[in-house]
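All remarks here apply to the structure that follows.
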Amino acid sequence: MIESVKIRRQCMLDFYSHYEHLCALQGSVPLKAVKTNLTQGALDLIVDRIKAADWVPLLNAIRHNKTLTSIGIRSFHQQGLGESGVERYKTYFRRRIPAIRSKDLTGQLCKAVKGCLSISDALKSLELQGLLLRERDLILLTKGLATASSLESVSLAHCPIGDGGLETICQSVKNSSTIRYVNFTGCSLTWRGAEHIANVLKHQAVKRHGEAWAESLRYRRPDLDYMTGLRRITFNCNMLVGDRGASAFADCLGEDLWLKALDLQQCGISNDGARSLLDALQTNTTLVVLDVRKNPLIDHVMMTNIIERVLMNGNSANSEYKWLSSPSSKDALKTRPKKRTIVLGSGRKGKATIRIGLTSKKSVSPGKKNMSVKDSYSPKPLPPGTKGFLPWRTAERAKRCRYFFHLIFLLLSPQCQHNYCIPVKVTVESASTSETEETEDLDDVIHHPDLAKSLEKSNVTKYQQLQLELEECMEKLKEEQRARVKAEERITELETENARLRNLNISLSEVLHAQSVTNMILDDEGVLGSIENSFQKFHAFLDLLKDAGLGQLAVLAGIDQSDFGLLGHPQMNSTLSKP
């Protein structure tokens, strides 16, 4: 056997040794993160800082692996999340886009995962988090899931696959005999995605009903817990699922006997969707977790009823199905905390000082260049040690806060609130850039002498506009009232006409019925008359035969001699009995 093939086969049984061998062939250094996060046969990597060149040996090692029980590839990169304004502009060019965001690399990753799923009998959990998976990537992943022989858990949390991508994944999930748990948290899904999952549950329910019937023969009792199919579905943080998606889940939950947990946190469900789920729980006794928390449109009473009903189902249930902690759509995508700006300067005595945040001095804007001498005047500071000396830091703080508290006093005064009806909302925050900018704006507003006049003029204008709108609304209301009166009168007239026509119709139907009965009687009398005329003509014919001496011919025909009577008074003993 070739030495390289022998080494590769031996390394397939040890992931890290295989990875080191591939790195040596490439001439690169193994990543420390791979060895650090490789514990007990589980690979869990945060891949935002892995370069493109370092991905080649890692993907080859994953493709030929047979020993890993869990693979987790996570990306928390969110460009510009948590930053705004100048800070986003500063960090845009400094932060690099991870190599995993490229479509070529994600395709290679899905191809490697597909290869691992097709040959591994030990892999039980697959988690791809925060990756940009395209359609071709999902097709490769679906083919791998279809060939997996031991996979039990699939998680695509925070991968924006959409409803189309979920439909592709469901093609392999519905026919899988090993997958028991799927996680589609924050995957940009809508009610259509919920319908795709509901169709998977219905398909598996039909299949498992057949298995249960086969196992129930010969007085056996089928064990539902050991049958294949989904046991837990996590659908959190998909706000467009809504009531329609909840109704789709409720339709399949009513008769389902296998699903144990359904997580629908932050799915935009209201009371209507919650009511349909509660109705499904009236017949479902196997569901032990139905999590609809963090849906603010559901009343507290409705949510309490759902949770109580589910807890009643879970009295004797297996403890492996736990309630998940309340998620947030941004928990898995948190960025680093915002760094506080540190500016080093020199004080008046030459000592180094550290100021955190922006300086409290106002920047001179182009609109404030033409300031008067009085506004720009600042008194000469007193030397230290003299009477009335105030340290410059204290003076700056007092100067910055004086105008702020003065404005709050004016806004909170009853006279100002009565005259201008200004709603006041005071928010106290830590010293930051936004607070400094707001303080400067407040200082500008205070120094305007015509503030009260402008507010009064604007209030008068708004009052006049409201008066005009009120008059228009009153006129429209009167017109609608007149139209309503006319409509009611017309309705009364139509009802009267309708009653008259109904009575006329009844009378006409009675007349037609009487005429039909009379016609039937007349028809019956006409028939009897025609029959009687026929018999009279027949007897007249017999009499003519007798007169012509042809009575023997009548005897041969079976006619009795007594039937020959006078013309107009026939007697037919052979056919009619005498009265």
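Brief remarks follow.
- Annotation: of all residues in region 142-164 being open to solvent by less than 30 Å² (accessible area, probe 1.4 Å) and touching an Asp or Glu at 6+ places or on another chain (Cβ under 7 Å), the one that is farthest from Thr228 (Cα to Cα) is Ser155.
- Meets criteria (out of contact with any Cys (no Cβ under 6 Å at 6 or more places or on another chain), of a type in the set (Ser, Thr, Tyr) and more than 26 Å from Asp291 (Cα to Cα)) for Ser188: no
- Matching residues, region 99-141, being among the small types (Gly, Ala, Ser) and either open to solvent by 70 Å² or more (accessible area, probe 1.4 Å) or touching a helix residue (DSSP H, G or I) at 6+ places or on another chain (Cβ under 8 Å) (or both): Ala99, Ser102, Gly107, Ala112, Gly115, Ser118
- Number of residues in region 275-298 that are assigned to a helix (DSSP H, G or I) and open to solvent by 90 Å² or more (accessible area, probe 1.4 Å) equals 2.
- Flag for Gly268 being in a loop (DSSP other than H, G, I, E, B) and either small (Gly, Ala, Ser) or closer than 21 Å to Val182 by Cα (or both): yes
- Tabulated pairs, region 536-549, first surrounded by 14 or more Cβ atoms within 10 Å (Cβ to Cβ), second assigned to a helix (DSSP H, G or I) and small (Gly, Ala, Ser), C-beta under 6 angstrom, 6+ apart or interchain: Leu545/Ala554
The values are calculated or read from the model by the stated rules, or taken from the named source; none is laboratory data. Since the structure is predicted, the reported quantities are computational estimates derived from the model, not experimental observations. Every residue, glycine as well, gets a Cβ built from its backbone with ideal geometry; the counts of neighbours run over all protein chains shown. When the accessible area is computed, the model is the full protein with side chains, heavy atoms only, and any ligands, DNA or RNA have been set aside. Shrake-Rupley method; radii C 1.70, N 1.55, O 1.52, S 1.80 Å.
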